[in-house]
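Bear in mind these aren't lab numbers, they're just calculated from the coordinates by the rules spelled out. As the structure is a prediction and not an experimental result, all values here were calculated from the model. All Cβ positions, glycine included, derive from the backbone under ideal geometry; neighbour counts span all protein chains shown.
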Amino acid sequence: MPPKKRRLDAIDDEILLVLEQDARKSSSAIATELDVSPSAVRRRIARLERDEIERFTILRRHEPTDVEAFRHAADLLRDFVRQVVVRYPIDPERIVLAGFSQGGMMAFDLAMREPARFAGLVALSTWFPPQLAEDVPKLPEHEGFPVLVLHGTRDDRIEVERARESREALRPYGVALTYREFDMGHEIRQDALKVILQWLDDKAFKGSGE
């Protein structure tokens, strides 16, 4: 009889152990090492990354932000972005961070802490909590850094007032802020997408190479 296949959920710890030893190791190499299919490894890695973000990213409407948990999740995402830049043929001068809802909080943290690394920031239906804004130091690179904030006036998950608070929290940094409100809920509509595309051309990529 052929050997019994291992349950895929039983290899999560093994995948994490391999990645801790070499974060750049490909899914094919991991699959060979663990004797499973590359597609299975890719699916498991995607799920593990999603679970980590969901576990450590805490955004509740009526509770304080868990700063320590947020920092952990932001560090995971920061490492991921660095690996992407190394692994893929990406122009480092044309990287714009964009995030929706909780992802927007992550984008705020990454871009505002290291503005020199990015061409701009797009924050969609999200906010920049005071606890996090107070923790981000003001840097010379913030001056003129392109930031686009879009929010729906009917957002029932993150009230528009949060976006307005974020707008005011950003002003002391001297960023080149574009702020827009739309008649929409917790979503991204076509008219908002048009604003993003125009902003990318006019602000984030202005003066950069084609």
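Applying the Karplus relation 6.51 cos²θ - 1.76 cosθ + 1.60 with θ = phi - 60° to the stretch 121-133 yields 3J(HN,Hα) values of 9, 10, 10, 10, 6, 9, 7, 10, x, x, 4, 7, 4 Hz, where x marks Gly and Pro.
Sorting check: for 29-37, 109-117, which peptide has the highest mean count of neighbouring beta carbons within 10 Å, and how do the rest follow? List each step's numbers first, then the result.
Working: 29-37: 15.3, 109-117: 19.6.
Highest-to-lowest ranking by the protection proxy: 109-117, 29-37.
Listing PHE118, PHE80 from fewest to most neighbouring C-beta atoms within 10 Å gives PHE80, PHE118.
Considering all different alpha carbon pairs of the stretch 69-180, the Kirkwood hydrodynamic radius works out to 14.2 Å.
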